[in-house]
Structure formats: structure tokens, C-alpha cells
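Derivation of every value follows stated rules applied to the coordinates shown; laboratory data play no part. On a predicted model such as this, the values are computed, not experimentally measured, just so you know. Note: ideal-geometry Cβ built from the backbone for every residue, glycine included; neighbour counts use all protein chains shown.
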Amino acid sequence: MKKKNMHFHHWLIWGVINGVIIYLGALIYPETIVLGNATVSVFAAAVLAALVITMVVSVLPIILTQLNIGKLTPLSKYLMNSLVNILVVWLMSRMALIFGFGLASKFTAITLGLVITIVQYLYWEYLVRKIA
């Protein structure tokens, strides 16, 4: 039981961190990252984007197992996460009417996806593994 609680706890923190990164990105670069539209508030857009990114990357190991992809090395795992983060960020920006999350260019999607991956790496490798 304790392991499930820790997993949910880390998943929740991870989602909050993703949301903070997205929100800070929109604050620092408002001309390239836009949160909110006529139907989705700024807060809801940040929460939706963080939830989608967290959910997709959390489900990624299950998908890889179903595809019979063997155990990944740490480098290939984070490269895969980078590609998935970039793809999810870009796809969400293409559906800006639904998510209230828009990007100015593909370069912004690549940059934001890489920043999210770096922070995820720092969280998992330096906080979760050092504490556990």
C-alpha cells in the first residue's frame, strides 16, 4: 500500500512541476507561449497541459511494454521521454481551442519539451532516488 501512495505522491508532484514550468514559460515568454483563450482560463490551460503531459509520460512505460520493447537504458529512456514531451507539447498547441495552450513555433515546442524533460530528469534522478 505504501508504494502506491508514494507513486501517486510523486505523480502529483511531477504534475505540479510540469504545470509550474508551463506557467513560468508563459510568464517569461508571453510572445511565444500563450495560455488561455475565450473558453479556457489561464489557470485551466496550465492545469490541462500539465495533466496531459504527466499522464502521457506516466503511461509511456505501459505502452512500451505492450509494444514488446525491451528494457531501455537510462539514456534511451530520457531520449524517448524528450521526444514524447516535445510531441505532446506540439500536439496540444495544435489543439489550442480545446486546451487553451498555444505556441508560436515548432522551435518553442522543442525548447519547452526539452526543458520539461530536464526538470523531470532532475526530479526523478536527484530527488526521488536520493530520498528513496
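Measuring nothing but how far apart in sequence close Cα pairs (under 8 Å, 6+ apart) lie, relative to its length, the chain scores a relative contact order of 30 percent. By the helix-only formula, in which each DSSP H run with n ≥ 4 contributes -39500 (n - 2.57) and the sum is divided by residues, the chain has a 222 nm mean residue ellipticity of -24500 deg cm²/dmol.
Once Lys and Arg get +1 and Asp and Glu get -1 on their Cβ, which of Asn85, Leu114, His9 lies farthest toward the positive end of the dipole of the chain? Highest projection toward the positive end goes to His9. Counted by neighbouring Cβ atoms within 10 Å, the residues Trp11, Trp90 run from fewest to most as Trp11, Trp90.
Here the calculated FRET efficiency for Leu127 and Ile63, from their Cβ-Cβ distance with R0 = 22 Å, stands at 0.30, rounded to the nearest 0.05. Taking 7 Å steps out from each Cα toward its Cβ at Leu79 and Phe107 produces label points 2.5 nm apart. Ordered from longest to shortest, the equivalent ellipsoid semi-axes for the chain are 26, 17, 14 Å, each the square root of 5 times a Cα gyration tensor eigenvalue. Subtracting the Cα-Cα distance of Leu91 and His9 from their residue separation scaled by 0.36 nm leaves 26.8 nm.
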